[in-house]
Amino acid sequence: MDLSKLYRLNALNSFQYIALVGVVMSAGAQLVIRLLGQPQPNGYNYLYLCWLVLYILGSLLNLFGKPDDHHHHHHH
């Protein structure tokens, strides 16, 4: 099992990449909300749970999927 598929950016599949971008964008939005002194929307932290679940599912596909399933992008 190649555990580098969990953290190497060029080894991530689409689901993992979307989850990481989602976490970064959600954290950025949360920072802007705090800097503007606005209240955080109810349930905002559930976004992070959604990104975590998506990352875990993507990781399982990446680790245990068949190599010929083409679940990931090849960036050249």
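Looking only at residues in region 42-63 that are without any contact (Cβ under 8 Å) to a residue 12 or more places away in the chain and assigned to a helix (DSSP H, G or I), the one that is nearest to M1 (Cα to Cα) is L60. If the condition is being touching a helix residue (DSSP H, G or I) at 6+ places or on another chain (Cβ under 6 Å) and of a type in the set (A, V, I, L, M), then region 16-39 contributes A19, V23.
Scanning region 10-41 for residues that are over 26 Å from L60 (Cα atoms), in a loop (DSSP other than H, G, I, E, B) and not hydrophobic (A, V, I, L, M, F, W, C) turns up G37, Q38, P39, Q40, P41.
Here N13, N42 are screened, and the one residue that is in contact with a helix residue (DSSP H, G or I) (Cβ under 7 Å, 6 or more places away or on another chain) and polar (S, T, N, Q) is N13. Applying a threshold of 9 Å to beta carbon distances and a minimum spacing of six or more residues, or different chains, the list of pairs starting in region 26-41 at a residue that is within 24 Å of L52 (Cβ to Cβ) and without any contact (Cβ under 8 Å) to a residue 60 or more places away in the chain and ending at one that is among the basic types (K, R) and surrounded by 10 or more Cβ atoms within 10 Å (Cβ to Cβ) reads Q40/R34.
No value in this document is a laboratory result; all are computed from the given coordinates. Since this is a predicted model, take the numbers as computed values, not measurements. Positions of Cβ are generated from backbone atoms using ideal geometry, with glycine treated the same way; all protein chains shown enter the neighbour counts.
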